[in-house]
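Okay, structure first, notes after.
The values are calculated or read from the model by the stated rules, or taken from the named source; none is laboratory data. In this text, all values refer to a predicted model and were calculated from it rather than measured experimentally. Cβ: placed from backbone, ideal geometry, glycine included. Neighbour counts: every protein chain shown. Ligands, DNA and RNA are stripped out before the accessible areas are found, and what is left, the full protein with its side chains, is counted by its heavy atoms. Shrake-Rupley method; radii C 1.70, N 1.55, O 1.52, S 1.80 Å.
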Amino acid sequence: MSALANHAFAKMNGIGNEIVVVDLRDSSAAVTSAEARAIASPAGVSFDQLMLLQPPRVEGTEAFIRIYNNDGSEAAACGNGMRCVARRLFEATGQTAATFETKAGLLNCWQGADGLYTVDMGPPKFAWQDIPLAEEFRDTRSIELQIGPIDAPVLHTPSVVNMGNPHAIFWVDDVNAYDLGRFGPLLENHPIFPERANITLAHIVDRDHITIRTWERGAGLTKACGSAASATAVAAARLKRANRVVQITLPGGELSIEWREGDDHVLMTGTATFEYEGRFDPALFASVN
């Protein structure tokens, strides 16, 4: 029997990014990719990311956060999910700040006086081998990659950034003018990305405002992706096309992103919305080994 059978969960969202939070800090049980896929099945609970709180491994942290996409693959970072995790913890304990461990490293989260939640996403990585890419590009502000005819590509010359996970940002005049549901899977799985990539279309409105849509690696089209918003803000600043503090508009809402000069860290601020609590139906896991 799965350790998740009858286990409590919270369904939440970060500006439309569907999140399921499960607190397993009192358990040594390991959750498998198959169990994550079972939860995401039509009979289960819809999510973009499953955030599992496991017992802390590092002193001073609240938990080790394991993150699954709805296809069962793991993600190292999820900014929207971390805001949801922070809200659940803060409401239970009265805390307003906490540190969590993820596969992307230690992440600090806090709640501001305005009721919004901030996640310190850490510093971005730009070296081609850190993104990672399959071949060397000296300048990752734009790389040679296109989709469509050679003489009239539909999308081309993206910026690439690692923001806890790989991101490719294509600069366009209208983020809604492209069939991202069609192009997203092709680009996510392009051979240039050995670990696949999140694919974002970005339109720079002005130096303080960017609009984006994202095809999320392992999750598909999403209303919001916090790490994509962070990666886009950083990429735009590297190209000198936007300031280091910007507002990012996503289909699900707004995020404020600051790429701090002092320590190079990226701060992402936004809402975390609680939807409902429930328990997993044991029948979900009946066919999971």
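Summary of values
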quantity: Residue that is modelled with the highest pLDDT, among those in the stretch 21-33 that are assigned to a loop (DSSP other than H, G, I, E, B) and buried (at least 19 other Cβ atoms within 10 Å of the Cβ); calculated: LEU24
quantity: Qualifying residues in the stretch 90-110 (those that are surrounded by fewer than 19 Cβ atoms within 10 Å (Cβ to Cβ) and among the hydrophobic types (A, V, I, L, M, F, W, C)) - the one nearest to HIS265 (Cα to Cα); calculated: LEU106
quantity: Subset of the stretch 106-132 (residues that are farther than 22 Å from ASN165 by Cβ and among the hydrophobic types (A, V, I, L, M, F, W, C)); calculated: TRP110, ALA113, LEU116
quantity: Where TRP171 falls short, out of the listed (1) within 16 Å of PRO158 (Cβ to Cβ); (2) hydrophobic (A, V, I, L, M, F, W, C); (3) open to solvent by 20 Å² or more (accessible area, probe 1.4 Å); (4) at pLDDT below 95; calculated: (4)
quantity: Every residue from the stretch 54-90 that is over 20 Å from LEU4 (Cα atoms), assigned to a helix (DSSP H, G or I) and free of Cβ contacts under 8 Å to residues at least 60 places away in the same chain; calculated: PHE90
quantity: ILE131, sole failed condition from (1) of a type in the set (Val, Ile, Thr); (2) more than 26 Å from ALA219 (Cβ to Cβ); (3) in contact with a Lys or Arg (Cβ under 8 Å, 6 or more places away or on another chain); calculated: (2)
quantity: Options ILE150, ILE131; residue that is at pLDDT below 95 and either touching a Cys at 6+ places or on another chain (Cβ under 7 Å) or β-branched (Val, Ile, Thr) (or both); calculated: ILE150
quantity: Strands (runs of 3 or more DSSP E) wholly inside the stretch 164-221 that include at least 3 residues being of a type outside the set (A, V, I, L, M) and closer than 20 Å to GLY252 by Cβ; calculated: 198-206, 209-216
quantity: Single residue of the stretch 34-53 satisfying the filter (within 18 Å of ALA286 (Cα to Cα) and part of a loop (DSSP other than H, G, I, E, B)) that is farthest from the chain's Cα centre (by Cα); calculated: ALA43
quantity: Test for ALA36: is it crowded, with 19+ Cβ neighbours inside 10 Å, more than 18 Å from TYR276 (Cβ to Cβ) and of a type outside the set (Val, Ile, Thr); calculated: yes
quantity: Candidates ARG207, ARG182, ARG244, filtered to the one that is in contact with a helix residue (DSSP H, G or I) (Cβ under 6 Å, 6 or more places away or on another chain) and open to solvent by 40 Å² or more (accessible area, probe 1.4 Å); calculated: ARG244
quantity: Residue list for the stretch 139-163, filter: open to solvent by 50 Å² or more (accessible area, probe 1.4 Å) and part of a strand (DSSP E or B); calculated: GLN146, HIS156
